[in-house]
Amino acid sequence: MTDGGSLSRTAVMGAALGLSLLASSTSQAAAPKLLVYLHVSLKQRAFQGLLQTALPGVDVTAVGRISDFDRAMSESPDAVLTLPLVLSAKNLRVQLQGQRSGSGEEKYALVAADSAPDPAAVKVVGALDVLGRDGTSQFVNRMLGATPKVERVTKVEDLLPLLQMQRVDAILIPQRLLSDVKSASRINLVQRELPKQIGLPAVASLGSAGPNISAGISKLPLNLSQTMGVDAWH
Amino acid sequence: MLAVPAGCALLQGCAPSPVSPTTHYYAEIARSKNASAKETILVCMPETPQTMEVWSGLRDELAKNYNLVALRVEDRAARSVIEEGIRRHHPASIVLMNNPTVAAYNDYQRNASNKAFPPVVVVMTSFLDAGRLTVSGATGISYEVPLITVVTNLRKLIDRPIDRIGVIHRPELAGFVQRQAALAAREQIGVVRETVGSSPNASELKRALRRLKERAGAVWVLNDDHLLSPKLIAEAWLPGLNERPWSPTIVGAASLVSPLQSFGTFAVLPDHAALGAQAASLVFDIADNGWTLPSDAQTQLPVSTTTTLDLAQVRERFALRNDALRQVDRVLDR
């Protein structure tokens with residue numbers, strides 16, 4: 001071929017290279033990532049699906065175990081939705097706080113079979129594993145003002161079996177989840193409301209897409225927010 | 001990991017020998033090393049998806065405090081593998097997964113010259129309770145999901161009252177069923193029992209099933225191999241369950257829930273990662289007790305479960321509660 005032909009080949013090759021580079025950079029613009037670590041009264045799979053539908057364009061991962069949360073954190077999510085006490089333990093700042101009836105905190109209850117438990121007297125308490133072995137034990141101790149042995153579970157539905165099998169004297173639970181536990185049981189479950197309140201779910205922004213994700217969360221359908229105990233986000 | 005014949009601890013100077021069917025190779029499936037840890041937990045296990053989930057639960061809980069070693073044990077003749085693992089790692093505690101592994105460890109204990117053994121936690125073995133723990137210095141977690149948990153799960157899904165559960169069992173499991181019934185009574189669950197022979201035929205089983213369905217609101221199928229042979233499934237269970245009156249049927253094996261054959265309506269199985277975490281809790285109890293078994297240690301029941309639902313069967317025969325599908329881990333459909 002003549003020079004003209006060579007130039008044409010070069011131009012074609014250059015265009016092809018440019019197109020492949022463009023395709024490569026386009027595919028690298030991955031969806032913003034939201035990591036959710038909350039204990040709710042439905043399966044994490046179902047919870048994740050609801051959030052995914054409500055937050056189109058966001059890659060949502062919902063986990064229920066602290067070890068899965070720690071592993072997922074290493075994948076650099078743009079935002080994290082969890083309890084403020086978890087954010088605090090990971091040195092993350094709250095950017096968006098869930099509220100219910102105007103408060104950013106909620107009450108917890110100690111629940112036992114047949115009679116209201118005495119926080120100072122219970123020897124073994126079942127609790128949601130929020131912060132791992134040591135962190136959750138410290139959390140329970142602060143809530144009760146006592147140092148019972150703590151049996152940890154990673155799902156709300158696993159608290160009831162601890163009472164059914166009499167593995168614990170009582171369970172510690174956010175008060176709003178008590179009706180779900182009661183509805184699954186014919187045991188006479190009696191609660192003692194605890195004085196200390198704990199922060200409702202909140203969002204920390206970690207990456208550049210964090211603020212957009214927060215904005216999306218603040219507009220979640222009310223019934224979805226209510227699965228997290230929230231009726232407004234500020 | 002390099003697999004070494006367990007009877008030949010050092011490669012150097014080890015005369016090559018022909019591989020025989022009884023040769024067991026020492027192989028570590030996984031390790032978790034903690035530079036600041038003094039103690040090692042030896043986990044003896046076959047390598048299956050379920051045991052690896054239990055391992056992950058153990059590792060996630062224990063790795064911050066201890067070294068962990070997962071040692072492959074393939075059958076009940078693997079005494080030498082366990083012996084080698086103990087020799088190498090001097091574990092402070094041992095976890096044994098499944099019946100053949102426990103049998104191999106039993107064999108090791110019987111033949112060991114030094115009779116001081118570390119405390120043991122047993123998981124994933126059939127119908128485990130204190131009376132059946134043949135290993136000395138052991139505690140553990142039963143692999144069967146208790147009936148009380150099974151029915152609690154069923155009540156969340158099916159939109160009709162479930163007050164009486166039917167179970168068919170051989171005489172050998174009468175004690176197990178009785179204990180399950182006593183626990184289930186706490187949730188006002190009545191248990192209707194049909195006892196069949198130790199080696200029932202299909203006709204006997206099918207008659208028992210028909211009687212049971214007339215008296216109970218649901219059927220609980222035990223993980224008893226003697227009642228779940230392919231012949232009994234084909235000639236008794238499937239015909240019996242696929243005729244009216246329809247009874248929700250709860251099984252303890254995922255393979256028994258399939259929209260293609262309409263056996264189990266739903267399966268309730270231990271959550272294996274949570275089972276590992278529960279076993280880790282027993283290891284922590286042992287550690288807190290100076291690496292000896294606490295005197296009040298009792299075998300436990302598994303707390304956490306996963307559920308699988310045959311949606312095709314449910315749609316055809318039963319009514320689900322409104323939010324039922326959000327309470328199920330896996331939904332199978334045609």
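Below, the figures for the structure above:
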{"item": "Selection from segment A:177-207 of residues that are of a type outside the set (V, I, T), out of contact with any Leu (no Cβ under 7 Å at 6 or more places or on another chain) and under 29 Å from B:N153 (Cα atoms)", "result": "A:L177, A:L178, A:S179, A:D180, A:S183, A:R186, A:N188, A:L189, A:E193, A:L200"}
{"item": "For B:Q178: the one exception among (1) part of a helix (DSSP H, G or I); (2) within 12 Å of another protein chain (Cβ to nearest Cβ)", "result": "(2)"}
{"item": "Subset of segment A:134-149 that is within 21 Å of the chain's Cα centre (by Cα) and under 20 Å from A:K107 (Cα atoms) - its residue that is surrounded by the most Cβ atoms within 10 Å (Cβ to Cβ)", "result": "A:V140"}
{"item": "Check on A:A202, more than 30 Å from B:T299 (Cα to Cα), more than 14 Å from chain B (Cβ to nearest Cβ), surrounded by fewer than 17 Cβ atoms within 10 Å (Cβ to Cβ) and among the small types (G, A, S)", "result": "no"}
{"item": "Residues of segment B:324-334 classified as more than 12 Å from chain A (Cβ to nearest Cβ) and under 30 Å from A:S183 (Cα atoms), total", "result": "2"}
{"item": "Matching residues in segment A:113-133 - criterion: being among the hydrophobic types (A, V, I, L, M, F, W, C) and within 26 Å of the chain's Cα centre (by Cα)", "result": "A:V124, A:V125, A:A127, A:L128, A:V130, A:L131"}
{"item": "Any pair with Cβ under 9 angstrom, 6 or more apart, that starts in segment A:43-71 at a residue that is within 23 Å of A:A127 (Cβ to Cβ) and ends at one that is modelled with pLDDT of 95 or more and basic (K, R)", "result": "A:K43/A:K155; A:Q44/A:K155; A:V63/A:R71; A:G64/A:K155; A:S67/B:R59; A:F69/A:K90; A:D70/A:K90"}
{"item": "Candidates B:G197, B:G175 - the one that is modelled with pLDDT of 95 or more and either within 30 Å of B:I94 (Cα to Cα) or of a type outside the set (V, I, T) (or both)", "result": "B:G197"}
{"item": "Count of segment A:60-89 residues which are surrounded by fewer than 16 Cβ atoms within 10 Å (Cβ to Cβ), of a type in the set (D, E, K, R) and either outside any helix (DSSP H, G or I) or more than 14 Å from every other protein chain (Cβ to nearest Cβ) (or both)", "result": "1"}
{"item": "Residue under evaluation B:L222, criteria (1) more than 23 Å from B:Q180 (Cβ to Cβ); (2) in contact (Cβ under 8 Å) with a residue 60 or more places away in the chain; (3) touching a helix residue (DSSP H, G or I) at 6+ places or on another chain (Cβ under 7 Å), criterion not met", "result": "(1)"}
{"item": "Test: residue in segment B:157-164 that is within 23 Å of B:I41 (Cα to Cα) and either of a type outside the set (A, V, I, L, M) or crowded, with 18+ Cβ neighbours inside 10 Å (or both)", "result": "no"}
{"item": "Selection within segment B:207-226 - part of a helix (DSSP H, G or I) and closer than 18 Å to B:T265 by Cα", "result": "B:L209, B:R210, B:L212, B:K213, B:E214"}
{"item": "Test: residue in segment B:72-80 that is crowded, with 24+ Cβ neighbours inside 10 Å, of a type outside the set (A, V, I, L, M, F, W, C), over 15 Å from B:F284 (Cβ atoms) and in contact (Cβ under 8 Å) with a residue 60 or more places away in the chain", "result": "no"}
{"item": "Some residue of segment B:41-56 being modelled with pLDDT of 95 or more, touching a Cys at 6+ places or on another chain (Cβ under 9 Å) and in a loop (DSSP other than H, G, I, E, B)", "result": "no"}
{"item": "Counted residues, segment B:289-323 - those being in a helix (DSSP H, G or I), within 26 Å of the chain's Cα centre (by Cα) and either within 11 Å of another protein chain (Cβ to nearest Cβ) or free of Cβ contacts under 8 Å to residues at least 40 places away in the same chain (or both)", "result": "0"}
{"item": "One residue from A:V122, A:V111 being in a strand (DSSP E or B) and either within 16 Å of A:R192 (Cα to Cα) or within 13 Å of another protein chain (Cβ to nearest Cβ) (or both)", "result": "A:V111"}
{"item": "Residue that is farthest from the chain's Cα centre (by Cα), among those in segment B:324-334 that are buried (at least 17 other Cβ atoms within 10 Å of the Cβ), of a type outside the set (K, R) and part of a helix (DSSP H, G or I)", "result": "B:A324"}
{"item": "Counted residues, segment A:145-160 - those being facing another protein chain (nearest Cβ under 8 Å) and basic (K, R)", "result": "2"}
{"item": "Filter result for the condition that a residue is at negative phi, part of a loop (DSSP other than H, G, I, E, B) and in contact with a Ser or Thr (Cβ under 6 Å, 6 or more places away or on another chain), over B:V145, B:V135", "result": "B:V145"}
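The rows are residues; the columns are (1) assigned to a helix (DSSP H, G or I); (2) in contact (Cβ under 8 Å) with a residue 60 or more places away in the chain.
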| position | (1), (2) |
| --- | --- |
| B:T149 | yes, yes |
| B:V167 | no, no |
| B:L173 | yes, no |
| B:G197 | no, no |
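The values are calculated or read from the model by the stated rules, or taken from the named source; none is laboratory data. Bear in mind the structure is a predicted one, so any value in this text is a computation, not a measurement. When we count neighbours, we look across all protein chains shown, and the Cβ atoms used for this are built from the backbone with ideal geometry, even at glycine.
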